[in-house]
Each structure stands twice: as C-alpha cells, then as structure tokens.
Amino acid sequence: MVPGLKNLPYEERLREIMDRGRQNADLIKVFKIVKGLSSIRLETFFQLDNSGITRGHQWKRKKRRYNTDLRQHFFLKE
C-alpha cells in the first residue's frame with residue numbers, strides 16, 4: 001500500500017499511482033537526456049544558464065517562455 005492512499009477508493013488510488021509512474025518516467029527521461037544516454041539532444045528541450053551565477057554547478061537551466069501550455073508538459077517518445 002502506498003502511504004496516503006489508504007482511505008481513497010480504488011479508482012482514485014489507481015489514478016494516483018499512474019500519475020506517480022508518469023512522473024518517474026519523465027524524471028528518468030530527463031536524466032537520460034542530460035547525461036547523453038538518449039538519442040534526444042539536450043538542446044531540444046533545455047537551455048542551460050551560463051551566466052556565472054549558478055552557485056557552483058553547471059546544470060541550472062533557463063526557463064523558456066511558451067505561447068501555449070502544450071509544450072510545457074510534452075515529451076517525445078524515442
């Protein structure tokens with residue numbers, strides 16, 4: 001049993017578990033893109049901030065501006 005889902009009906013528990021699985025899959029995909037383990041290039045989705053104010057790490061990304069909400073929540077499958 002997943003903590004916090006004990007008192008929910010079956011359909012809501014299932015929906016919550018599926019959402020968590022999608023989030024984990026997205027995090028794994030981002031890790032693979034950043035580390036170069038994917039065929040997708042890093043520049044396709046992310047711009048890194050090279051302004052020098054990243055407090056010691058090189059992986060701070062710039063936030064892009066979008067005209068629509070569609071591209072904020074979209075990953076391509078390989």
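Assorted remarks:
- Pairs with Cβ under 9 Å, 6+ apart, first in the range 9-36 and within 26 Å of Gln47 (Cα to Cα), second assigned to a helix (DSSP H, G or I) and not polar (S, T, N, Q): Val30/Phe45; Ile33/Leu42; Ile33/Phe45; Val34/Leu42; Gly36/Leu42
- Looking only at the range 1-28, and only at residues there that are touching a Lys or Arg at 6+ places or on another chain (Cβ under 9 Å) and of a type in the set (Lys, Arg), the one that is modelled with the highest pLDDT: Arg13
- Qualifying positions in the range 29-56 - modelled with pLDDT under 85, of a type in the set (Ser, Thr, Tyr) and either surrounded by fewer than 11 Cβ atoms within 10 Å (Cβ to Cβ) or touching a Cys at 6+ places or on another chain (Cβ under 6 Å) (or both): Thr44, Ser51
The values are calculated or read from the model by the stated rules, or taken from the named source; none is laboratory data. Keep in mind it's a predicted model, so treat the numbers as computed, not measured. So basically every Cβ, Gly included, is an ideal-geometry build from the backbone, and we count neighbours across all protein chains shown.
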